[in-house]
Amino acid sequence: MPIRDCENLSAAKAVWDFMTGDPRRFLDRVQLMLLAMQRFRENGVEPQFVVLLHGPAIKFAARDFAATKFAGDDAAQLAGVHAALGEFLQHGGRIEACEIAMQRTLIPRECLIAGIEVEENVFLNSIALQNRGYAYVLVA
C-alpha cells in the first residue's frame, strides 16, 4: 500500500530509544518497528534504524538474567524478544547497549546476545544521531 508521505523519500532514519523493562511492551514495539521497516521498503525507502537500550530495557540485551539485577524477573518471553531483535539486525538495523546501564545492572559484555554494540553512554549517541537527522522515537 503506497504511503503518500514516503513520496520522494530515499531513506528514513530513526533512533528508537527503548527504556521499557516490560517484555510484552518491548516485544510489541520491536514488532512494530519491524513492520515499519517492511512498509518503508515496500515504498522504496531504505530504513536506517538504530535501537538504543538503557534503563530497564538493557535486560533484553542479555542472554539470561542469572547473576544480574534482573535475576528475579520472569525470562519466559526472552527467547521471543531475542528472535525479534535478531530479525531486526538481519534487516540492517543497529542495536546499541548502554555500558553505564550494563554496569549498574551487572550485565557483563560476554552475556550479551550477538550483534549488539556497547556504547559508553547512549544519551550521547541519541544526541549525535538526532543531529545527523535521525527522528527520535521514545519507547518507554
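Observations on the model:
- Cα-based convex hull, the stretch 10-71, per residue volume (Å³, whole number): 72
- Sorted peptide list for 42-54, 3-15, 73-85, criterion being average Cβ within 10 angstrom, highest first: 42-54, 73-85, 3-15
- 3J(HN,Hα) from dihedral phi, the stretch 76-88, Karplus parametrisation 6.51/-1.76/1.60, rounded to Hz, x for glycine, proline: 4, 9, 4, 4, x, 4, 5, 5, 5, 5, x, 4, 4
- Loop-located GluC sites (Glu not before Pro) in the stretch 63-120 (DSSP state not H, G, I, E or B) with no more than 14 neighbouring Cβ atoms inside 10 Å: Glu120.
- Cα centroid separation, the stretch 1-40 to the stretch 85-140 (Å): 16
- Only Cα pairs under 8 Å and 6+ residues apart enter the sum, and on that basis the relative contact order of the stretch 1-79 stands at 39 percent.
- Taken along its three principal axes, the alpha carbon spread of the chain comes to 50, 30, 23 Å, from the longest extent down to the shortest.
Every number in this text was worked out from the coordinates using simple rules, so none of it is lab data. Fair warning: this is a prediction, and the values are worked out from it, not measured in the lab. Quick reminder, even Gly has a Cβ in these numbers, built from the backbone with ideal geometry, and neighbours come from all protein chains shown.
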